[in-house]
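Worksheet for the structure shown next.
The values are calculated or read from the model by the stated rules, or taken from the named source; none is laboratory data. Here the structure is a predicted model, which means the values were calculated and not measured. Note: areas computed on protein heavy atoms with side chains; ligands, DNA, RNA excluded. Shrake-Rupley method; radii C 1.70, N 1.55, O 1.52, S 1.80 Å.
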Amino acid sequence: ANGQAWFNVEDTSEMAVLDPRAGQVVRRLPLAPCDGPSGLAVDDRQRLYAVCENHQMVVVSPDAKVLARPAIGAGPDGVAWMDGAAWSANGQDGTISVVETTSGRFATVATLPGAAGARTIAADPATHRLYLPTAELQPARDGERRKGVPGTFYVLVLEKTH
């Protein structure tokens, strides 16, 4: 918005605003209790949607006010805006959380099956499709994130029907 770039700062659980002309961060917004915000999407009203490791999405207004913290699934990394909803890719539990505004409030209106490991998401509003890359996963070891089995990469494609 206004030529500025908004981004998440994972290690400090903040959202920051960069003024590219000045080459500096001009604003920081704490997102706590959000832990490790990663993916960030923006809607047609310039509201921002950040997904957090601790099962929440933070919705931020264009004037940097936290509007809501709807619950989402485990292990998100990406979020996309399409068809009036924010779609969170939750790779740990293999789900997709759908957040919409209903009766003036932001809420998780659906939890869809996705695929384990599908943490990244891209939306194509022209075709109403979501794309989530992943692979078959090896068993977990000592609390580490599961790794993909070589040669098993695929893209899960979900299409919203009207």
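Annotations
- For region 90-97, Karplus couplings with θ = phi - 60° (6.51, -1.76, 1.60), whole Hz, Gly/Pro x: 9, x, 5, 9, x, 10, 10, 8
- Taking 0.36 nm per residue of separation and subtracting the Cα-Cα distance, full extension of the segment from Phe153 to Val42 would add 37.1 nm.
- Taking amide hydrogens as placed 1.01 Å from N in the peptide plane, the amide H of Asp93 sits under 5 Å from those of Ala74, each at least 5 positions away in sequence or on another chain.
- Only Cα pairs under 8 Å and 6+ residues apart enter the sum, and on that basis the relative contact order of the chain stands at 12 percent.
- Here region 42-162 exposes an accessible surface that is 51 percent carbon and sulfur, computed with a 1.4 Å probe and the other protein chains kept in place.
- Largest first and in whole Å, the equivalent-ellipsoid semi-axes of the chain read 26, 19, 15, each the square root of five times a Cα gyration tensor eigenvalue.
- The H on the amide N of Leu31, modeled in the peptide plane, is under 5 Å from the matching H of Glu14, Met15, each at least 5 residues off or on a different chain.
- Distance from region 77-109 to region 127-162 (C-alpha centre basis), Å: 17
- Each residue of region 39-46 is assigned a 3J(HN,Hα), and the resulting list reads x, 9, 10, 10, 9, 6, 9, 6 Hz, derived from the Karplus form 6.51 cos²θ - 1.76 cosθ + 1.60 (θ = phi - 60°), x at Gly and Pro.
- Computed from backbone phi with θ = phi - 60° and the Karplus coefficients 6.51, -1.76 and 1.60, the 3J(HN,Hα) list for region 99-104 is 10, 10, 8, 10, 6, x Hz; x is used for glycine and proline.
- A convex hull fitted to the Cα coordinates of region 59-116 yields 83 cubic angstrom per residue.
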